[in-house]
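So the structure is just underneath, and the comments pick up after that.
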Amino acid sequence: MGRTREAGCVAAGMVIGAGACYCVYRLTWGKDENEKLWDDEDEEEEEKSCSGKTEKELKTNVGVGAGGKPQGDSKSKVEVNVGPENGPGVKKEVHPESQSGGGLEAKAKALFKTLKEQARAKAGRGIRLPNISRNRTLTSSLPCPGGRGGGCHPGRTGSRARNRTSGKAKRKNRSKSNKAPATAWPVRKGKFSFPYKIDDILSSPDLQKVLNILERTNDPFTQEVALVTLGNNAAYSFNQNAIRELGGVPIIAKLIKTRDPIIREKTYNALNNLSVNSENQGKIKTYISQVCDDTMVCRLDSAVQMAGLRLLTNMTVTNHYQHLLSYSFPDFFALLFLGNHFTKIQTMKLIINFTENPAMTRELVSCKVPSELISLFNKEWDREILLNILTLFENINDNIKSEGLASSRKEFSRSSLFFLFKESGVCVKKIKALANHKDLVVKVKVLKVLTKL
């Protein structure tokens, strides 16, 4: 029982010592990182040698205490190699005394002290041996152990080592940057204050303030916000009258001349909402030719062009101002052929307004149109385009009959709209081919047109 107790004490001392070493190891980890300039290869060899030898010696001691033959008179040695194998190592010898209670306690203390020194040496603290330091070459290109998570960092002269010395400052900067994260959206520089929101419904005094801001400012951002605010308020009939009475139409219309396409688009949108009122149309008619010219020369299918076409469509709902745009008929038909789906539809709505006025028929059918316009009667187009082009043909055909232009066919050239729709016969063939269209609404419209031929 005595020897079994001794072996138990030895094992207990080893466990306690290992736990204490682990605590010391964890407490000293990460301190004085700039002093841990050990080579990666030598560190690995040191760990292997230390762990290998310690395990062998620990197994030997446990074997002697538990299962090995007792040798009470002999003395066993426990050697712990702290240095690398290829260099002059430092060995600590522990001479246990006789197999008495005091000897076991001294053995446990000596083993604990040895393991503690080994852990300190491994962590870069404690014993710093001059022989080891002479054999190491510390350069910035060699990786050195000591980084957390098994990582490595360059030497003292490396940029990352310098960054670690200023880690606290970096953490402070990082915390500040988290409070004000960078945004991907463009931020307007400088202060900007507008007295109202763009969707506020304003009274006459407030509308006067917005008009004054728009008249005095040259800032595009302020102009855009003011135009959107006025355009939203112009959607209400009571504010349409108020803006006109405050002299707002000339203030808004002067921005047609600006080069900024966004400002021109917002200007057309505001005038478009104002043009719903017939009295406002009388004010806007002064600028209708300028709007038409800009709409034809601006970028094809752009937002500015669409806004201009919508304004022209509203201005030609009645017959009062259609004659102001008769010079642009060839441009409208060219745009009808060249534009995309939305431009085609908006242009058709504009031309249909002219076809509903019989007084504009002669000028309309005498203009030159591209022969490719006939392709709009193909069944591949969607319902909206087909219905609009059929309505356009129907109105023109009715106006030719009512105005008696069929007898004066010699007045029109072969490139005119009259020849394309009435004389060539190609258009009638295309319409007859649509009689079997899968869309019932289109089929009904085709039958209505064919009955009038």
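Are any of the pairs Lys285/Lys410; Lys197/Lys254; Lys379/Lys401; Lys283/Lys422; Lys197/Lys257 more than 30 Å apart by Cα-Cα distance, and if so, which?
From the list (Lys285/Lys410; Lys197/Lys254; Lys379/Lys401; Lys283/Lys422; Lys197/Lys257), the Cα-Cα distance tops 30 Å for Lys285/Lys410; Lys283/Lys422.
Only sites in a loop by DSSP and with at most 15 other Cβ atoms within 10 Å count here; which trypsin sites (Lys or Arg not before Pro) in the range 190-246 make the cut?
Those that pass, being in a loop and sparsely packed, are Lys191, Lys197.
Could you compute how much accessible surface Asp293 exposes when probed at 1.4 Å, giving the result in Å² to the nearest 10?
80 Å²
Tabulate in residue order the Karplus-calculated ³J(HN,Hα) for the range 401-415, using 6.51 cos²θ - 1.76 cosθ + 1.60 with θ = phi - 60°, rounded to whole Hz; enter x for Gly and Pro.
Coupling constants for the range 401-415: 5, 5, 8, x, 7, 5, 7, 10, 5, 5, 6, 10, 7, 6, 9 Hz.
HN-Hα J couplings of the range 296-313 from phi, Karplus 6.51/-1.76/1.60, θ = phi - 60°, integer Hz, Gly and Pro as x?
Ordered by residue, 3J(HN,Hα) equals 6, 9, 6, 4, 4, 6, 7, 5, 5, 5, 5, 5, x, 5, 5, 5, 5, 5 Hz.
Can you pull the one-decimal nm distance between simple spin-label points at Leu324 and Leu300, each 7 Å off the Cα toward Cβ?
Rounded to a tenth, the inter-label distance reads 2.9 nm.
In terms of solvent-accessible area of protein heavy atoms at a 1.4 angstrom probe, what is the ranking of Val444, Val369, highest value first?
The residues order as Val444, Val369, largest area first.
The values are calculated or read from the model by the stated rules, or taken from the named source; none is laboratory data. No experiment lies behind these values; they were computed from the predicted model shown. With ideal geometry, Cβ positions are generated from the backbone for all residues, glycine too; neighbour counts draw on all protein chains shown. Accessible surface is based on the protein model in full, side chains and every heavy atom, while ligands, DNA and RNA are left aside. Shrake-Rupley method; radii C 1.70, N 1.55, O 1.52, S 1.80 Å.
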